[in-house]
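What follows is a single structure, written as structure tokens, with notes after it.
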Amino acid sequence: MFTGIVEELGEIVGLDDLGDAARLTVRGPEVTSDAANGDSIAVNGVCLTVTSSAAGTFTADVMRETLTRSSLSALAPGSPVNLERSVRLADRLGGHLVQGHVDGVGEVVSRSPGGHWDVVRITLPPGLDRYVVEKGSIAVDGISLTVTAVTGDWFEVSLIPETLKRTTLGRKQPGETVNLEVDVIAKYVEKLTTGTVTR
């Protein structure tokens, strides 16, 4: 479980194609400072398991299912990535409950710079719009954000300078993809009221 508060902007330093999987090596001195094998670290919002760590980097295996359902397949050595260690029960919940389970991949449609923030519009994959509400929470590449506008096929978020500086969303341009995770509470409410969660 994560909070969507990015701890560090890391970098992909290695990517090995294993056929039906991939092995990522990620530079992140802060998140690896106390990392042990088996720990969970979110990479662009995808929960990955540390298989080894050394000299400020960690390695994680990514199965084909994850590569298919997320934007991790678009990464290459040199790609910046948002990193967050899993939350401890004693930690503050600065964002919202984020599982690290990607619900879909969106595309940056536009970004409009303002005096003190950028407004970024992102496409919503079919079926996810019912879980996204104005002023609600959504995780974009693992970043806990507040939805400022939403329609059936896109939503907008406003990014403060700190978010622009410390995360990949400061660099993402129209046409680039992002991982989306909707608020898990919305999915539980749907299941409790209808008996199913439609995907």
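The values are calculated or read from the model by the stated rules, or taken from the named source; none is laboratory data. For clarity, every value in this text was computed on a predicted model and none was experimentally measured. So basically every Cβ, Gly included, is an ideal-geometry build from the backbone, and we count neighbours across all protein chains shown.
When the strands (runs of 3 or more DSSP E) confined to the stretch 120-164 are screened for residues that are more than 17 Å from residue 178 (Cα to Cα), those reaching at least 2 such residues are found at 143-150. Taking the condition of being at pLDDT 95 or above and either more than 11 Å from residue 122 (Cα to Cα) or assigned to a helix (DSSP H, G or I) (or both), how many residues in the stretch 173-199 meet it? Residues in the stretch 173-199 being at pLDDT 95 or above and either more than 11 Å from residue 122 (Cα to Cα) or assigned to a helix (DSSP H, G or I) (or both): 2 in total.
Every test in (1) surrounded by fewer than 12 Cβ atoms within 10 Å (Cβ to Cβ); (2) within 22 Å of residue 171 (Cα to Cα); (3) not assigned by TED's automatic domain parsing to the domain that holds residue 175 is passed by residue 20 save one, and that test is (2). Across the stretch 151-168, the qualifying residues are those that are farther than 18 Å from residue 125 by Cβ and among the hydrophobic types (A, V, I, L, M, F, W, C), and the one among them that is surrounded by the fewest Cβ atoms within 10 Å (Cβ to Cβ) is 160.
Let's see how each residue does on (1) modelled with pLDDT of 95 or more; (2) under 27 Å from residue 138 (Cα atoms); (3) among the small types (Gly, Ala, Ser):
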residue: 19; (1), (2), (3): no, no, yes
residue: 23; (1), (2), (3): yes, no, no
residue: 28; (1), (2), (3): yes, yes, yes
residue: 39; (1), (2), (3): yes, yes, no
residue: 42; (1), (2), (3): yes, yes, yes
residue: 45; (1), (2), (3): yes, yes, yes
residue: 49; (1), (2), (3): yes, yes, no
residue: 54; (1), (2), (3): no, no, yes
residue: 70; (1), (2), (3): yes, yes, yes
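May I ask you to say which residue of 71, 112 is surrounded by fewer than 19 Cβ atoms within 10 Å (Cβ to Cβ) and of a type in the set (Ser, Thr, Tyr)? Checking each option against the conditions leaves just 112. Within the stretch 34-49, not a single residue is closer than 15 Å to residue 16 by Cα and touching a strand residue (DSSP E or B) at 6+ places or on another chain (Cβ under 7 Å).
Beta carbons closer than 6 Å, at least 6 apart along the sequence or on distinct chains, pair a first residue in the stretch 139-156 that is farther than 15 Å from residue 47 by Cα with a second that is aromatic (Phe, Trp, Tyr) for 147/155.
For residue 53, the criteria (1) in contact (Cβ under 8 Å) with a residue 24 or more places away in the chain; (2) in contact with an Asp or Glu (Cβ under 9 Å, 6 or more places away or on another chain); (3) more than 23 Å from residue 178 (Cβ to Cβ) hold in every case but one, which is (1). Only strands (runs of 3 or more DSSP E) whose full extent lies in the stretch 3-92 are considered here, and the ones with at least 1 residues that are under 14 Å from the mean Cα position of the chain (by Cα) and within 25 Å of residue 165 (Cα to Cα) are 8-17, 40-43, 46-54, 80-85.
Condition check ((1) in contact with a helix residue (DSSP H, G or I) (Cβ under 8 Å, 6 or more places away or on another chain); (2) closer than 15 Å to residue 5 by Cα) across all residues:
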position: 58; (1), (2): no, no
position: 62; (1), (2): yes, no
position: 69; (1), (2): no, no
position: 75; (1), (2): no, no
position: 78; (1), (2): no, no
position: 93; (1), (2): no, yes
position: 97; (1), (2): yes, yes
position: 102; (1), (2): yes, no
position: 106; (1), (2): no, no
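Scan the stretch 125-132 and tell me whether some residue there is among the acidic types (Asp, Glu), outside the structural domain of residue 19 (by TED's automatic domain parsing) and surrounded by fewer than 18 Cβ atoms within 10 Å (Cβ to Cβ). Yes, because at least one residue in the stretch 125-132 is among the acidic types (Asp, Glu), outside the structural domain of residue 19 (by TED's automatic domain parsing) and surrounded by fewer than 18 Cβ atoms within 10 Å (Cβ to Cβ). Restricting attention to the stretch 169-191, which residues are touching a Ser or Thr at 6+ places or on another chain (Cβ under 6 Å) and farther than 13 Å from residue 110 by Cα? Result: 179, 183.
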